[in-house]
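The values are calculated or read from the model by the stated rules, or taken from the named source; none is laboratory data. The structure displayed is predicted, hence computed values, not measured ones. Positions of Cβ are generated from backbone atoms using ideal geometry, with glycine treated the same way; all protein chains shown enter the neighbour counts.
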Amino acid sequence: MIRSRCKHCRQETAAIPYEAFTDVLAQVNQSGSSWQPELMEELPGAWVVDGVCLPCRQAMEQNPLYFTLNKWIQ
């Protein structure tokens, strides 16, 4: 299972089976995009992809300087 979570607030945003993720990655690569997600294995068999959730994205759009910070929610 691969889980997606927000790198700022650490909220889980999605979870998909590993097989489905490889299908998505293959489709993206066929489209000509060069997207390489950063997969991290937290525990054996527990993979995580960091992203940005919608509330954090909205906060960053209202406060553009947040983009320069790695972790801004305390």
Pull up segment 47-66, narrow it to residues that are of a type outside the set (Asp, Glu) and either part of a strand (DSSP E or B) or touching a Lys or Arg at 6+ places or on another chain (Cβ under 9 Å) (or both), then point me to the one that is farthest from Lys7 (Cα to Cα).
Trp47
Any chance segment 29-39 includes a residue that's at pLDDT below 85, in a strand (DSSP E or B) and over 15 Å from Arg10 (Cβ atoms)?
yes
Considering only residues of segment 1-54 that are among the hydroxyl-bearing types (Ser, Thr, Tyr) and touching a strand residue (DSSP E or B) at 6+ places or on another chain (Cβ under 9 Å), which is surrounded by the most Cβ atoms within 10 Å (Cβ to Cβ)?
Ser4
